[in-house]
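Working notes, beginning with the structure itself.
The values are calculated or read from the model by the stated rules, or taken from the named source; none is laboratory data. Since the structure is predicted, the reported quantities are computational estimates derived from the model, not experimental observations. Cβ: placed from backbone, ideal geometry, glycine included. Neighbour counts: every protein chain shown.
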Amino acid sequence: MPIPVTKQSVAPKRVLLRDVVRDQIRDAIMDGTLKPGETLQDEALQEWLGTSRTPIRDALNELARVGLIEMEPNRYTRVAMLHSDSEALEALAVLGVIYGGAAAIAIPALTAAQARELDKLLSQAIAGVKDADADRIRANVLTAYGKLVEHSKNTLLIKLFRETVDGLSYKIRVARLVQILDSESTVRFLNELSAAIAERDGLRGRRATDALFQLPNFRPGEEASGR
């Protein structure tokens with residue numbers, strides 16, 4: 001398996017070694033360093049991460065549970081394969097349900113600084129849509145909604161998000177979604193979300209999110225604000 005050129009040393013932290021290793025492998029999968037379907041070999045991972053086999057296997061088991069790794073005993077351990085466009089759209093809808101709830105809860109209570117940060121992220125996402133820059137869209141949209149989840153201060157929602165977001169986000173191949181989704185509508189829905197944040201209107205933010213994530217109760221051409 002090709003591995004990152006730079007060796008990673010697992011720095012001492014007040015966390016389990018397994019968790020540090022998990023995060024490093026997860027990041028390599030999410031940023032494309034480790035490709036879908038790529039076989040993961042214990043020896044190569046040990047060399048890259050500078051640690052023993054046990055925390056690596058524990059980390060891979062955790063990543064398998066969230067859908068980033070596929071394992072077949074005595075056959076392979078590999079980065080999860082990506083399948084059909086319909087699966088990507090299903091993952092998009094599930095994220096929309098989580099993010100819509102976060103928007104409804106978090107937006108009314110945002111501080112001025114939090115709102116400014118979100119507005120900046122959404123502006124970058126809009127620029128990415130206009131330039132058909134899939135990486136910029138994905139990074140800024142998912143970061144913005146991740147912050148809305150954290151700002152909700154709802155412990156159960158935050159726990160659900162942290163347990164599911166990686167597996168769902170991985171299935172969303174934004175480069176392909178850019179081709180599937182209408183860019184003009186996407187920009188309109190992102191602008192609508194930005195306006196909802198400025199007005200601290202949680203329900204308007206949820207409707208914009210429903211539209212953006214293609215939830216079935218939203219019809220093409222319908223205004224996200226519902227007004």
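With respect to (1) touching a helix residue (DSSP H, G or I) at 6+ places or on another chain (Cβ under 8 Å); (2) exposed (fewer than 14 other Cβ atoms within 10 Å of the Cβ); (3) of a type in the set (A, V, I, L, M), the lone exception for Met81 is condition (1). Restricting Arg53, Arg65, Arg57 to those that are over 21 Å from the mean Cα position of the chain (by Cα), more than 30 Å from Leu190 (Cα to Cα) and loosely packed, with under 13 Cβ neighbours inside 10 Å reduces the list to Arg53.
For Gly101, the criteria (1) under 14 Å from the mean Cα position of the chain (by Cα); (2) at pLDDT 90 or above hold in every case but one, which is (1).
Regarding Val94, is this residue outside any strand (DSSP E or B) and either surrounded by fewer than 18 Cβ atoms within 10 Å (Cβ to Cβ) or assigned by the TED database to the domain that holds Tyr145 (or both)? Yes; evaluated as a whole, the condition is true for this residue.
Within the range 103-125, the residues that satisfy the criterion of being buried (at least 17 other Cβ atoms within 10 Å of the Cβ) and touching a Gly at 6+ places or on another chain (Cβ under 9 Å) are Ala103, Ala104, Ile105, Ala106, Ile107. Answer yes or no as to whether Gln46 is of a type outside the set (A, V, I, L, M, F, W, C), touching a Ser or Thr at 6+ places or on another chain (Cβ under 8 Å) and surrounded by 14 or more Cβ atoms within 10 Å (Cβ to Cβ). Taking the combined requirement at face value, the residue satisfies it. Looking at Arg204, is it at pLDDT 90 or above, within 19 Å of Val97 (Cα to Cα), crowded, with 18+ Cβ neighbours inside 10 Å and in contact with a helix residue (DSSP H, G or I) (Cβ under 8 Å, 6 or more places away or on another chain)? Yes, satisfied. Scanning the range 131-150 for residues that are of a type in the set (Val, Ile, Thr) and surrounded by fewer than 17 Cβ atoms within 10 Å (Cβ to Cβ) gives a single hit, Thr143.
Quick one: is Gly128 within 21 Å of Pro216 (Cα to Cα) and surrounded by 14 or more Cβ atoms within 10 Å (Cβ to Cβ)? Considered against the rule, which asks whether it is within 21 Å of Pro216 (Cα to Cα) and surrounded by 14 or more Cβ atoms within 10 Å (Cβ to Cβ), Gly128 comes out as no.
Hey, any hits in the range 185-193 for a residue that's modelled with pLDDT of 90 or more and either under 16 Å from Ile105 (Cα atoms) or within 14 Å of the chain's Cα centre (by Cα) (or both)? Within the range 185-193 (the criterion being modelled with pLDDT of 90 or more and either under 16 Å from Ile105 (Cα atoms) or within 14 Å of the chain's Cα centre (by Cα) (or both)), the answer is yes, since at least one residue qualifies.
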